[in-house]
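First up is the structure itself, then whatever we jot down about it.
The values are calculated or read from the model by the stated rules, or taken from the named source; none is laboratory data. No experiment lies behind these values; they were computed from the predicted model shown. In this analysis, Cβ positions are derived from the backbone assuming ideal geometry, glycine residues included, and neighbour counts consider all displayed protein chains. In case anyone asks, the SASA skips ligands and DNA or RNA and just uses the protein heavy atoms, side chains included. Shrake-Rupley method; radii C 1.70, N 1.55, O 1.52, S 1.80 Å.
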Protein chains: 4
Amino acid sequence: MARLTRDEVLKKADALKNWGKWGPDDELGVLNYITPEDIVNAARLVKKGKVFRLGLNLDENGPQRGIFGGRWNPMHQMLATGTDAVAGKHDVTPGLRYADDAINLPTQAATQWDALSHVFLVDKMWNGYPATLVDMRGAHKNGIEKFASKMVGRGVLLDVARWKGVACLADGYGITVADLDATARAQGVTVKRADFVIIRTGQMEDRLARGEWGGYAGGDAPGLAFETVDWIHAKQIAGRLADQSPGHQVAARRARVV
Amino acid sequence: MARLTRDEVLKKADALKNWGKWGPDDELGVLNYITPEDIVNAARLVKKGKVFRLGLNLDENGPQRGIFGGRWNPMHQMLATGTDAVAGKHDVTPGLRYADDAINLPTQAATQWDALSHVFLVDKMWNGYPATLVDMRGAHKNGIEKFASKMVGRGVLLDVARWKGVACLADGYGITVADLDATARAQGVTVKRADFVIIRTGQMEDRLARGEWGGYAGGDAPGLAFETVDWIHAKQIAGRLADQSPGHQVAARRARVV
Amino acid sequence: MARLTRDEVLKKADALKNWGKWGPDDELGVLNYITPEDIVNAARLVKKGKVFRLGLNLDENGPQRGIFGGRWNPMHQMLATGTDAVAGKHDVTPGLRYADDAINLPTQAATQWDALSHVFLVDKMWNGYPATLVDMRGAHKNGIEKFASKMVGRGVLLDVARWKGVACLADGYGITVADLDATARAQGVTVKRADFVIIRTGQMEDRLARGEWGGYAGGDAPGLAFETVDWIHAKQIAGRLADQSPGHQVAARRARVV
Amino acid sequence: MARLTRDEVLKKADALKNWGKWGPDDELGVLNYITPEDIVNAARLVKKGKVFRLGLNLDENGPQRGIFGGRWNPMHQMLATGTDAVAGKHDVTPGLRYADDAINLPTQAATQWDALSHVFLVDKMWNGYPATLVDMRGAHKNGIEKFASKMVGRGVLLDVARWKGVACLADGYGITVADLDATARAQGVTVKRADFVIIRTGQMEDRLARGEWGGYAGGDAPGLAFETVDWIHAKQIAGRLADQSPGHQVAARRARVV
């Protein structure tokens, strides 16, 4: 497999980027693909009423180990405990005994969703806003709060690991368009405009089972190969998720950019 | 209105508590009322595909002002900025320019859901677990993580403020069973087993409009009167929410406990 | 009193700045004035063995109220308590029962010493280093850690409030060179090269007595008038401290810069 | 070397503890040994004016690695950067460009001084105060703030490693009374009432040189053998310090308590 050049990446970004497509003030991007009718249709698909939790615990034993960017695992701190309560420490307010706590976490802890302000293309973020609009006061454009009522739609799980017949794809494996299409076909689903596509590589379960995260938060990871960006673009999906943590589904290829 | 005595509260707690109903090891409580069929039925009710955001921003200008329990508003801290990126500070990893951030917040910040380990009855928490099972290492029973895949069902908004014809119920107003029933009737809805009942008092919008939280995080608040605990118990609902922050919907009455 | 212009400030900065005086790589500034002999002489002045604490408590009721720069008061969080210990929670390690805690504070909390990287002159910091050397990874030049073994010398208290016969100088009062000289004369001390000069305005005691910080962390404050910068420069002192919090001893005048 | 029993430890504690010696309300303990005259005499010993820094940096690469008690290394977070300043982000306040930051650290990070509320003897802390006086609101007795103006006196370095002719004592080595006396004799110093005795084991330098802390924050460490508690008690010293982090100078022996 030939190495990818920085030039190829920039060219592809230029070819596919949707900047301006929903107007110069947009901060939603491909979430704009979702229509109210899509949501109604998605709701109709609920057949069994089974609920699956996709996220990791917010946990001090989580995958962030300082590998990248000074991130840390969620820190849990108590503000009021039952031991204090039973020792009578809360009884200044008669009848009120309680527990209380706090968390301190990087927004990239555990499972999370990247805002459109997370990654820059040279000196710009999504829709062409200057990257400098993210300063010490936060993201003045493309903040994640813009998505608060927009993350609703049809989810499609593409279980690539199962289709490949493995518990977990190998670190650095690049999932191809052929893999995606074959997996969808085998499952009898069609990826449509406005879908949230969930890629299962098996890595999260593998690491949880081992009790050891290794390079999960910043090393190589199985994920979507570079070629899939055309597929994603053409499908007009609303989002893609995976069970590997970096969020960057082309981790292995990225390392090969020269 | 007669003052409520501590004895009355304890008696009522004793009469209504569901401890043991789902076995001695249960940590879900009334969420057990929800069946998969309820979820299928709830999904079928989606008609317009409109999404409403019920939560407040995680915001340093939020309602927590140190009124109660040493809580604070969410603190937002940057780990990587666009100003740094454009100044070339990220270019040790060629081609990777990004923003990153962190939050530090009490779990009672903004809008939140109380765990069954949050409030104690004398020296026990829900299902009879000893309160001392919440220590400096966290809640060893009834932690909120137990709810991760359980908060799905039918939501019923009871817009009491609208039914009363006011923008916002008065601070300390106790919503009665008659209010709840009349509001439901006027809206043409019936509260059923396993519903999530959302009470609208108007207080959150009022405070947001004023730009001033006042005692929102710990003072008097309009909310469910003490008598409604029988209604809640009998209805077998899965949860109740409100647009006033303390979570304690009988705030005004509580102050009258003698 | 005529208003100060921005141009006058820049001119004065240009006239008095010591950049380059101790070489292009220096990060100590006027602390270079202190010689080992000064320290020996300072030690000889100890006559009574009385110790005075000059700092405020690290306290959640401290002066930082979010007035400036998103700073907060020190947050104190427990990691291990005596209530947990006595409840047997530590006995996994036999015989070890203990308390433990943590603090989260802005470096400008309570009483503190400004690093030479704290304030910029246009786009440079002390000694001419680019301000951009302070990025998300910290201060790559002029960090406070450079002072770790350098803050030792003779301290001279100039009790201006006492000399003026008041408990506390008025907010915004500008202490003049005449005030400083008269106070020193009245006290029988001479300010010398390498001294740490401590100005007492009475404001800290006043606020502690009132139990109310007011604008202490960012409003007007009594402090050294602009004209004293020549005095400070000529005296070659090693540092100046005051019992008012902003650190900026010309707060009132600054507001008058046009 | 015979193993130490828990009973021997408790007997010794009972024999040597100073509880009540300075009255039932005392919170200073052996710091009471220091008189103003001791401080005057200590100051007279300054001959060369050389200053030595004994502390570690507050550093994210410090010795706390989560080995014990959920402690972490100091976290440094920026509130204002030079990159922001130069990008014009501060210019809402004309002429004010600055850097600002914050730290979040367990009080046992880097180098530190234990409060008398840190370790309990069964269910009591120093002077017999109940351990439960340390709750979620902090230490209501024996807090470290009581020491704020008390940590001044004569320091005596006992360089045991140098006397033994090694760069670093072996992990778990128990320094004996004979070692202490021989080291003092070789150095020509006499340990006196009210001294702060500093033990040098070489471990801190060793770990800094290796760039690897290992078990520094919670494993075995060279330190004072159990027998030295009699020596410490008899000498009436004001404090003991060491260049190994746990603070517990008998770490190796502790592991042998049966």
(request) Let me have the 222 nm mean residue ellipticity of the protein assembly as shown computed from DSSP H runs of 4+ only, each contributing -39500 (n - 2.57), with the sum over all residues rounded to the nearest 500. (result) -6000 deg cm²/dmol
(message) Past 19 Å, Cα to Cα: identify those pairs from A:Lys124/D:Lys89; D:Lys21/D:Lys146; D:Lys11/D:Lys124; A:Lys146/B:Lys47, in the order given.
(response) A:Lys146/B:Lys47
(request) Give the relative contact order (percent, whole number) for chain C; include only Cα pairs under 8 Å separated by 6+ residues. (result) 23
(request) Enter the accessible area of A:Cys168 (Å², nearest 10), with the probe set to 1.4 Å and all protein chains included. (result) 40
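In units of 2.2 N^0.38 Å, what is the alpha-carbon radius of gyration of region B:1-105? The partial results should precede the final answer.
Working: Rg = 24.5 Å, N = 105, 2.2 N^0.38 = 12.9 Å.
Cα-based Rg divided by the globular estimate yields 1.90.
Considering the convex hull of the alpha carbon atoms of region C:140-253, report its projected area averaged over all viewing directions, in nm², one decimal.
Numbers: hull surface 32.1 nm².
Over all viewing directions, region C:140-253 projects a mean Cα-hull area of 8.0 nm².
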(request) Determine the distance separating the Cα centre of region D:121-170 from the Cα centre of region C:173-235; give it in Å without decimals. (result) 36
(message) If the elastic network links every pair of Cα atoms under 10 Å, which of B:Tyr129, B:Tyr98, B:Tyr33 fluctuates the most in the Gaussian network model of chain B?
(response) B:Tyr98
(request) Please give every one of the lysines within straight-line cross-link reach of B:Lys164, meaning a C-alpha to C-alpha distance under 26 Å, and leave out same-chain neighbours fewer than 8 residues apart. (result) B:Lys50, B:Lys192, B:Lys235
(request) Would you mind telling me which residue in C:Ala242, C:Ala80, C:Ala209 has the biggest mean-square fluctuation in a Gaussian network model of chain C, where springs connect alpha carbons within a distance under 10 angstrom? (result) C:Ala80
(message) Connecting C-alpha atoms closer than 10 Å in a GNM of chain B, tell me which of B:Ala167, B:Ala115, B:Ala102 has the biggest fluctuation.
(response) B:Ala102
(message) What does the charge count around B:Lys192 come to, taking other residues whose C-beta lies under 13 Å from its C-beta (Lys +1, Arg +1, Asp -1, Glu -1)?
(response) 0
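Averaged per residue, what accessible area in Å² does region A:8-161 show with a 1.4 Å probe, protein chains only? Don't jump to the answer; show the numbers that get you there.
Numbers: 7190 Å² over 154 residues.
On a per-residue basis, 47 Å².
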(message) Using a 1.4 Å probe and counting only protein heavy atoms, how much accessible surface gets buried when D and B come together, both sides summed, in Å² to the nearest 100?
(response) 700
(request) Please report, in whole Å, how far the alpha carbons of region A:122-207 spread along each principal axis, starting with the longest. (result) 47, 28, 23
(request) Any chance you could look up the accessible area of B:Val30 with a 1.4 Å probe, heavy atoms only, rounded to 10 Å²? (result) 50
(request) Would you be so kind as to list the residues of region A:1-48 that have their accessible area lowered by at least 10 Å² in the full protein complex compared with their chain by itself (1.4 Å probe)? (result) A:Arg6, A:Pro36, A:Ile39, A:Val40, A:Ala43, A:Arg44, A:Val46, A:Lys47, A:Lys48
(request) Report Rg(Cα)/(2.2 N^0.38 Å) for region B:30-70, keeping two decimals. (result) 1.95
(request) With a 1.4 Å probe and every protein chain left in place, tell me how much accessible area C:Thr5 has, in Å² to the nearest 10. (result) 50
(request) Considering only DSSP beta bridges where both residues belong to the protein assembly as shown, give the percentage that are antiparallel (nearest 5). (result) 55
(request) Could you look at region C:92-233 and say what percent of its accessible area is carbon and sulfur, using a 1.4 Å probe and all protein chains? (result) 55
(request) Report the dimensions of region B:50-105 along its three principal axes from the alpha-carbon atoms, largest first, rounded to Å. (result) 47, 37, 14
(request) List the residues of region A:137-181 whose backbone N lies under 14 Å from a point placed 7 Å from the Cα of A:Lys47 along the Cα-to-Cβ direction. (result) A:157
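Dividing the alpha-carbon Rg of region C:1-57 by 2.2 N^0.38 Å yields what? Let's see the in-between values first.
Working: Rg = 18.6 Å, N = 57, 2.2 N^0.38 = 10.2 Å.
Rounded to two decimals, the normalised Rg is 1.81.
Taking the inverse of the average 1/r across all pairs of different Cα atoms in chain C, what Kirkwood radius in Å do you get?
Values: mean 1/r = 0.0482 Å⁻¹.
Final number for the Kirkwood radius of chain C is 20.7 Å.
Can you tell me what percent of all Cα-Cα pairs in the protein assembly as shown are more than 61 Å apart? Walk me through the numbers on the way to the answer.
Numbers: 79576 of 531996 pairs.
Above the 61 Å cut-off, the protein assembly as shown has 15 percent of its Cα pairs.
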(request) Obtain the nm distance between the two label points defined at D:Asp91 and B:Asp7 by a simple spin-label model: each point lies 7 Å from its Cα along the Cα-to-C-beta direction. (result) 7.3
